[in-house]
Ligand code: CA
């Protein structure tokens, strides 16, 4: 993969076998970070239920780490989830000692009813992390082609009809998430199932990663380099984040079991990814990585 950015090498590791190499976007994390660094009011949208009352562990940890970094940089941050994922988002924020500023929408609500509260009605940025995006026929599907619309609200409406002036960012690892409209043509080459699953929702900046949480961490790594200050969490915090999500009712998105794993990968793998990203960001800040 030709890219001058070593963080791309980590984000493009497809350890969960999602086929992300086929639609990876080199430079996405860096472009998203550069844009966010100039923002002031950021809305983070996350939460993916793999079954009724079964929110998965990918998404809220990445959102909490990205949100904390943005708050440390002086930006106002608001989290948006549907009711199914609210307990996970709250648990992730508490695990980091972050303020719990969450707007919750009913998962069976109508797209027309999804509006940001007036004081956050003019965000500079909307960011989705592992959030279902509608397919060409308007349904929301998992990777096997099954509809998940009964368990996930149409929060992508915020991106389809974005608040005026807002820049949109999508972070994901499958073709079925908000933002994957940008690479849909490449994704649907995987076959007829991909065509049914692939989201049409586009964003200004797309970040693809082997696991969506990692994509958010990659953006934070780039924010760290831009700010010359380590904004990433520690491997210990990663373990605490995922464990807190499971205790709040989260499930592994692959096995659908309440075990401390994300996308079928154990905690040790995620802690290692955080350590690698921290190392790269630290070395880059010290001038040890070519720009
Ligand atoms: Ca995932």
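The orientation-averaged shadow of the Cα convex hull for the stretch 123-166, equal to a quarter of the hull surface, comes to 3.5 nm². A simple spin-label model places the labels of residue 285 and residue 71 2.0 nm from each other, with each point 7 Å out along Cα-to-Cβ. Start at zero, step by 5 Å, and the Cα-Cα distances of the chain spread as 1, 6, 14, 19, 21, 19, 13, 6, 2, 0, 0 percent across the bins. Using 0.36 nm per residue and subtracting the Cα-Cα separation, the extra length available between residue 17 and residue 137 on full extension is 40.6 nm.
Mind grabbing the base-10 log of I(q)/I(0) for the stretch 208-291 at q = 0.10, 0.15, 0.16 Å⁻¹? Debye formula, identical points on the C-alpha positions, no solvent, two decimal places. At q = 0.10, 0.15, 0.16 Å⁻¹ the computed log10 ratios are -0.27, -0.56, -0.62. Inter-part distance, the stretch 1-78 to the stretch 207-223, computed on C-alpha centroids, equals 4 Å.
Cβ crowding within 10 Å, taken as a proxy for footprinting-reagent exposure, orders 124, 40 from fewest neighbours to most as 40, 124. Dividing the summed -39500 (n - 2.57) terms of all DSSP H runs of n ≥ 4 by the residue count of the chain sets its mean residue ellipticity at 222 nm at -10000 deg cm²/dmol. For the stretch 74-175, evaluate the Debye formula with one uniform point scatterer on each Cα (no solvent term) and list log10 I(q)/I(0) at q = 0.10, 0.11, 0.20, 0.25 Å⁻¹, rounded to two decimals. After summing over all Cα pairs, the log10 values are -0.28, -0.35, -1.17, -1.61.
Per the Kirkwood formula applied to alpha carbons, the stretch 19-71 shows a radius of gyration over Rh ratio, Rg over Rh, of 1.05. Residue exposure proxy: 199, 63, ordered by other Cβ atoms within 10 angstrom of their Cβ from fewest to most, comes out as 199, 63.
Could you give the Stokes-Einstein D for the stretch 1-113 in µm² per second, using the C-alpha Kirkwood radius, 10 °C, 1.306 mPa s? Taking Rh from Cα pairs, D becomes 101 µm²/s. Rg of the Cα atoms in the stretch 142-291, relative to 2.2 N^0.38 Å, amounts to 1.16.
Each reported figure results from applying straightforward, stated rules to the coordinates on display, with no laboratory input. Everything numeric here is computed off the predicted structure, so don't read it as measured data. Virtual Cβ from ideal backbone geometry, glycine too; neighbours counted across all protein chains shown.
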